[in-house]
1. Can you tell me which residue within region 22-46, out of those that are of a type in the set (Phe, Trp, Tyr) and outside any loop (DSSP other than H, G, I, E, B), is farthest from LEU77 (Cα to Cα)?
2. If you go through region 100-155 one residue at a time, how many are more than 30 Å from ILE32 (Cβ to Cβ), of a type outside the set (Val, Ile, Thr), part of a strand (DSSP E or B) and in contact (Cβ under 8 Å) with a residue 24 or more places away in the chain?
3. Go through region 63-90 and count every residue that is within 17 Å of the chain's Cα centre (by Cα) and not in a loop (DSSP other than H, G, I, E, B).
4. Report whether or not GLN17 is polar (S, T, N, Q), within 21 Å of GLU131 (Cβ to Cβ) and touching a residue at least 40 places away in the same chain (Cβ under 8 Å).
5. Of the conditions (1) open to solvent by 80 Å² or more (accessible area, probe 1.4 Å); (2) over 18 Å from LEU149 (Cα atoms); (3) among the hydrophobic types (A, V, I, L, M, F, W, C), ALA53 fails just one. Which one is it?
6. Inspect all residues belonging to region 30-47 and state whether any of them is under 25 Å from THR129 (Cβ atoms), within 19 Å of the chain's Cα centre (by Cα) and crowded, with 17+ Cβ neighbours inside 10 Å.
Amino acid sequence: MPEKELTLATLDRFVGQELGASEWVVLDQACIAEFAHCTGDDQWIHVDVERAAQESPFGSTIAHGYLTLALVGPAALETWIRPARIPTALNYGLDRVRFLAPVPAGSRARVRVKLISVEPKADRRVLITTENTIEIEGKDKPALIATTLVMATSA
């Protein structure tokens, strides 16, 4: 987290800087199975532990890419939206997402957030772009890198 006061009004001072890293989150088999149930993506590489142990090139089941990507929203809340006391922040889109490495079941992951840009818009809105790197504990290669857009409004 930057040392200076982080608010919507001062956010532009932090462009190019890391805003923080989220807490580690365990992506265990129960979490993966629940995501599969909720989304209907029940591919064996995610849910069939025995088959994945035998046939998967990763030696185990892996988290869905979109489950891993879903860590970005809570990380934004944790690292900059709540600390900056931003009253309303809405997902506005993704400019780029690259899935770089699988996340084996049971792995711990966290999100590092870097502020890319802050663009004032009409009606007290601000478009905020961040680069989000999802790290897997103990691995050099990140699971993914995503450039996200958030539309924030001031009170």
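The values are calculated or read from the model by the stated rules, or taken from the named source; none is laboratory data. All of these numbers come straight from a predicted model, not from anything done at the bench. Quick reminder, even Gly has a Cβ in these numbers, built from the backbone with ideal geometry, and neighbours come from all protein chains shown. Side chains included, ligands, DNA and RNA excluded: accessible areas come from the protein's heavy atoms. Shrake-Rupley method; radii C 1.70, N 1.55, O 1.52, S 1.80 Å.
1. Keep residues of region 22-46 that are of a type in the set (Phe, Trp, Tyr), which gives 24, 35, 44.
From what is left, the residues that are outside any loop (DSSP other than H, G, I, E, B) are 35, 44.
On the way: PHE35: 21, TRP44: 32 Å.
Looking at residues that are of a type in the set (Phe, Trp, Tyr) and outside any loop (DSSP other than H, G, I, E, B), I get TRP44.
2. 6
3. Number satisfying all stated conditions: 17.
4. On the way: polar (S, T, N, Q): yes; within 21 Å of GLU131 (Cβ to Cβ): yes; touching a residue at least 40 places away in the same chain (Cβ under 8 Å): yes.
Yes.
5. (1)
6. Residues of region 30-47 that are under 25 Å from THR129 (Cβ atoms), as a first pass: none.
There is no residue in region 30-47 that is under 25 Å from THR129 (Cβ atoms), within 19 Å of the chain's Cα centre (by Cα) and crowded, with 17+ Cβ neighbours inside 10 Å.
Residues are listed down the side, and each one gets a yes or a no for (1) closer than 17 Å to LYS141 by Cα; (2) surrounded by 17 or more Cβ atoms within 10 Å (Cβ to Cβ):
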residue	(1), (2)
PRO74	no, no
THR79	no, yes
ARG82	no, no
THR88	no, no
ASN91	no, no
LEU100	yes, no
PRO104	yes, yes
SER117	no, no
